[in-house]
Every structure is written in structure tokens, then in C-alpha cells.
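A.B. asks: Structure below; questions to follow.
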Amino acid sequence: MPDPGYPVYEVGTMFAGGESYRLPCTREGGWKPDFDAIPPDVARKAKLIWLNYPNNPTGAVADIGFFEKAVAWAKQYDVAIMHDNPYCDVAYDGYKPVSIFQVPGARDVAVEFNSWSKVYNMTGWRIGMVVGNAQMVDALMRVKSNIDSGIPQAIQRMAIEAVYGPQDCIDEHNAVYQRRRDRIVEVLRRIGLEVDLPKASLYVWAKLPAGVTSSEYAARLIEDCSVVVTPGRGYGLNGEGYIRLSVTIPDDRMEEGLKRLEAWKGL
Ligand SMILES: Cc1ncc(COP(=O)(O)O)c(C=O)c1O
């Protein structure tokens, strides 16, 4: 799993009795793992790899060339790719995120996950989907249908309406998120943090000044301004030195938080 990355990948692996190997990702590397740097003995032991672009927590995106490399690597070492893609429709400035299935032959080794949580604001309704390699989907179906006997039918019907109904809400939501993204980035830069403008996802990932840990910084923000941000360390060792902010806060609360940040005397 990529580090930093969504922590659930590690927990899922733990539950299955597996062991995670963390792939270091850096700002210079676009927050993407370098397949050539994965030790061959690790690659030979690996059963699956998690990828997630547009990315939580960094907001990084991946192009088709990255997915071509991922598919070639997975075929070489017989590893299954889990592409977690819940932000595929949450994008800005006309950018269109890539599906791994744009790579010919990806279906031999990959599945792609999506969720109604992000694009349709159905967070907490616990409904998502998986598409791709039939054998892998079948294996997942056997586990899933025996764990919880399926998602309540009313929720399934609402999810069907969401996905087959008019899709204007996608652009409408993205316009709101994009406006909030721009405001957050503007203020963070003004208070001296380094931020790359995210092309997609619901997150702004900001680099802290040297000499402060992400949890110290987040704790000080709570104490001094009653503003909550997520410390990057929670996403892995390589998330240290960063904080994550979300664009899902209503405008008035976000503006109040930004006002407090701007007035903050700092560390
Ligand atoms: C990368 C990633 N995958 C999966 C999820 C979980 O989505 P769901 O609400 O469908 O469990 C999230 C939510 O934060 C996420 O960021």
C-alpha cells in the first residue's frame, strides 16, 4: 500500500491475516509509488496492491502512463491490483480522472472500486461498487454476501436512482468544492504553508514549516483557534510534515475557520 495512504487498506490486510508493505511516496514523486523501487522479493510475495488516484489524503492524480506501469508490474509478479477510485468524478478545472481500465489488458489483473459516498453525497449509506476481473469480483462477492447479507434494498434502489438519474449534481457539487478549494489554498499560502493545487479529490494537502510535527501543529490549531485539521502522520510515515483539510465543510463554517487561521499568530 502507498504511504501516505487511506489507513483502511492496512486494517483490511490485518483482518485477513496478511502483512502490509508500505510503498514510500513523496511530493517529488507526485505521491505515487515507484514500481522499479519495489524489492523483487517483496513483489514475489505480494498478493495484492492498493492504488488510489485521485488520492486521499494528498489530492494527487495519476495519468495513464502510471496505470500502464502498474498493470505491467502486476502481470510480471502475478499481483492483483485494487484500484480504489471513489474520487473519479470529483475533479476540477475540467480535469477528467483516469480509470485503470483505460489500459488494455488491465482486466486480467485489476478491479476498481467506487462509492456513492463522495460523488452523490451518500456518505454513511454504506453503498459502493466494484468492477473488473470476474474471478476477483466473484471471490469478493462470496465474502461480502456472507458477512452482511447485502445492503438494505431501499438504499440499493436510491443508489440506482442516483446513478441512472440526471447527473447535473456532479458538476454542481464540483463547482462548490472547487470554489472552496481555491479559498482554502489561498489562505494556507498566505499563512506560509506550501500547497499544490489539487486537480481532484475532496482534499487540500499542505506542507508545514520544518521543525513541527503534524500532530503538534494540529493540536495547536485546536487549542489556539478551535480549528480541526487532520495530521498527515495518520496516513503513514511519509505523511509527517503535512496536514489535510477537506472541502466538504459548509461555506459559513469554512470561512469562519479560515478567518481564525489568518488571525492566528502561528507557532
Ligand atoms: C480512498 C478512499 N476509499 C474509500 C473510502 C470509503 O468510502 P465509503 O464511505 O464508501 O466507505 C474513502 C473515504 O474517505 C476514501 O477516501
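A.B. asks: Restricting attention to region 55-78, and to residues there that are of a type outside the set (A, V, I, L, M, F, W, C) and under 16 Å from the mean Cα position of the chain (by Cα), which single residue is nearest to the ligand (Cβ to nearest atom)?
C.D. replies: Across region 55-78, the extreme among qualifying residues is ASN56.
A.B. asks: All but one of (1) open to solvent by 40 Å² or more (accessible area, probe 1.4 Å); (2) away from the ligand (no atom under 12 Å from the Cβ) hold for ALA162, so report the exception by its number.
C.D. replies: Condition not satisfied by ALA162: (1).
A.B. asks: Test of understanding: among LYS118, LYS75, LYS69, which residue is over 21 Å from ALA200 (Cβ atoms) and either open to solvent by 30 Å² or more (accessible area, probe 1.4 Å) or not hydrophobic (A, V, I, L, M, F, W, C) (or both)?
C.D. replies: Residue meeting the stated conditions: LYS75.
A.B. asks: Now for a separate question. Looking at (1) buried (at least 16 other Cβ atoms within 10 Å of the Cβ); (2) touching a helix residue (DSSP H, G or I) at 6+ places or on another chain (Cβ under 8 Å); (3) touching a residue at least 24 places away in the same chain (Cβ under 8 Å); (4) not charged (D, E, K, R), which is the only condition THR213 fails?
C.D. replies: The failed condition is (1).
A.B. asks: Moving to a separate point now. Confirm whether MET136 is outside any loop (DSSP other than H, G, I, E, B), more than 21 Å from the chain's Cα centre (by Cα) and crowded, with 16+ Cβ neighbours inside 10 Å.
C.D. replies: So MET136 fits the description; yes.
A.B. asks: Look through ASP89, ASP36 and report the one residue that is open to solvent by 30 Å² or more (accessible area, probe 1.4 Å), within 16 Å of the ligand (Cβ to nearest atom), over 12 Å from MET1 (Cα atoms) and of a type outside the set (A, V, I, L, M, F, W, C).
C.D. replies: Selected residue: ASP89, the only one of ASP89, ASP36 that is open to solvent by 30 Å² or more (accessible area, probe 1.4 Å), within 16 Å of the ligand (Cβ to nearest atom), over 12 Å from MET1 (Cα atoms) and of a type outside the set (A, V, I, L, M, F, W, C).
The values are calculated or read from the model by the stated rules, or taken from the named source; none is laboratory data. All values derive from a computational prediction rather than experimental measurement. Virtual Cβ from ideal backbone geometry, glycine too; neighbours counted across all protein chains shown. To get the accessible areas, we keep the full protein, side chains included, count just its heavy atoms, and leave off ligands, DNA and RNA. Shrake-Rupley method; radii C 1.70, N 1.55, O 1.52, S 1.80 Å.
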